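A short reminder: the numbers here are calculations on the coordinates, not readings from a lab. Computed from a prediction, not measured in an experiment: that's the story for all the values here. Because the Cβ atoms are built from the backbone with ideal geometry, glycine has one as well, and the counts that use them run over all protein chains shown.
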Amino acid sequence: MKTYSIALIPGDGIGRDVVDAAWEVLEAAAETAGFALDGTEFPWSCAFYKETGRMMPEDGIETLRGFDAIFLGAVGWPKEVPDAVSLHGLLLPIRKAFVQYANIRPHRLLPGVEGPLKAENFDILCIRENTEGEYSGAGGRVHQGMDNEVAVETSIFTRKGVERIIRFGFEQAKARRGKLASVTKSNAQKYSMVFWDETTQRLATEYPEVEVTSYHVDALAARMVMAPESLDVIVASNLFGDILTDLGAAIQGGLGFAASANINPDRSAPSMFEPVHGSAPDIAGKGIANPMATVWSGAMMLEHLGETQAARRIMKALAITTGKGIGTAPGKDTTAKITGAVKNALTT
Ligand code: GGG
């Protein structure tokens, strides 16, 4: 039987709740489809940091390299570990080390979910640059605590990095409805963002079938709210993509529905799948976290592994579940009830 080795990193807070729930669904889907998932769990998290002084061991990246995929819950325990430490200690190094340069985040309404907008027929795919830009981690602070303190954070946009993510956006648009929104703030940021715009225009000549529009991020944010059905694929830098996809999550009914895939398109290293949401420590362990975003991320993982039928079955099961009114709003149903309903729906 075909078996996929999956590294499981539940992480912090509700990461534990949603990964456990989603893994139940994934295993059931695998069994139905006739393949197996072999999960190996790693306790890397803020609790691990408190014990060891690191978010993951020194050889963590090498350990993960041998897996077919990584399935992650959430990172962050702000009361105990500064968010910048936890993010730069686990999530960001994995994305960078495994060249997971395309972060794919779908935004559409599942049946029965009421988003806050009147629009219902939107289907947006946000492609976020995932390895450089504003999250490069380059910078420093001097004169800390003094009046003349200075903090500098440098955004790094390389030709290779910008070209490959915009090209990825064009390819996705070509395979969908043929529209690409390329996002910058090039009126205010005259080096990196102008470079991004120029790259978009240059690559556009290779994709005559794609209608590409360059937007400023503020205008695009407004468009996502006012006319989401007018958008198809969005390609944005690391920071802008991070912010726009929380907006995308909001219009699809909340972070409980927002899935994401950190893809290494060359398949030279494992890709990582995780919900967009964070660790929500206030509701951790209470059994009320919505696992849908993590289940959806799991479906994206199976699709990436080539198990398209199982992925589609999971997406259908999610739609059946919300169509019955289960899990359609935050806190409405328990994690166990939603998980059970999705599992049952796998066989209908
Ligand atoms: N589920 C992923 C997670 O814990 N995200 C927390 C977060 O702040 N992520 C920032 C990012 O995706 O760059």
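Odds and ends about this structure:
- Length, then width, then depth: along the principal axes, the Cα atoms of the stretch 266-307 run 38, 18, 13 Å.
- Proximal charge balance of Glu134 [Cβ under 9 Å; K/R count +1, D/E count -1]: -3
- Compactness of the stretch 240-323, expressed as Rg and Dmax over alpha-carbon positions, Å: 13.7, 40
- The value obtained for the stretch 12-63, namely the Cα convex hull volume divided by the number of residues, is 73 Å³ per residue.
- Taking one quarter of the surface of the convex hull spanned by the alpha-carbon atoms of the stretch 294-348 gives a direction-averaged projected area of 3.5 nm².
- Projected area, mean over directions - the stretch 116-251, Cα convex hull, nm²: 9.6
- Note on Lys185: lysines with a C-alpha under 26 Å away, same-chain residues under 8 apart excluded, are Lys96, Lys160, Lys174.
- Applying a DSSP loop filter and a limit of 16 other Cβ atoms within 10 Å to the GluC sites (Glu not before Pro) in the stretch 1-103 leaves Glu58, Glu80.
- Of the trypsin sites (Lys or Arg not before Pro) found in the stretch 1-91, those in coil by DSSP whose Cβ has at most 16 other Cβ atoms within 10 Å are Lys2, Arg54, Lys79.
- With the helix formula -39500 (n - 2.57) applied to DSSP H stretches of n ≥ 4, the chain reaches a computed 222 nm mean residue ellipticity of -12000 deg cm²/dmol.
- Peptides ranked, highest mean first, by Cβ atoms within 10 Å: ranges 180-187, 133-140, 117-124: 180-187, 133-140, 117-124
- Each Cα pair under 8 Å and six or more residues apart adds its separation to the average, and for the chain the resulting relative contact order is 24 percent.
- For Lys343, a cut-off of 12 angstrom between C-alpha atoms picks up these aspartates and glutamates, skipping any fewer than 8 places away in its own chain: Glu24, Glu27, Glu31.
- Orientation-averaged projection of the chain equals 18.3 nm² [convex hull of Cα atoms, one quarter of hull surface area].
- Cα-only Debye scattering, the stretch 8-129: base-10 log of I(q)/I(0) at q = 0.09, 0.21 Å⁻¹: -0.34, -1.25
- Working note: Karplus 6.51/-1.76/1.60 with θ = phi - 60° gives the stretch 15-20 the couplings x, 4, 4, 7, 5, 4 Hz, where Gly and Pro are set to x.
- In the stretch 190-239, GluC sites (Glu not before Pro) in a DSSP loop with at most 14 other beta-carbon atoms within 10 Å: Glu206, Glu209
- When the charge dipole of the chain is built from unit charges on Cβ atoms (+1 for Lys and Arg, -1 for Asp and Glu) and taken about the Cα centre, the candidate among Tyr4, Asn148, Gly169 whose Cα reaches farthest toward its positive end is Gly169.
- Inter-centroid distance (Cα atoms) of the stretch 43-59 relative to the stretch 249-303, Å: 22
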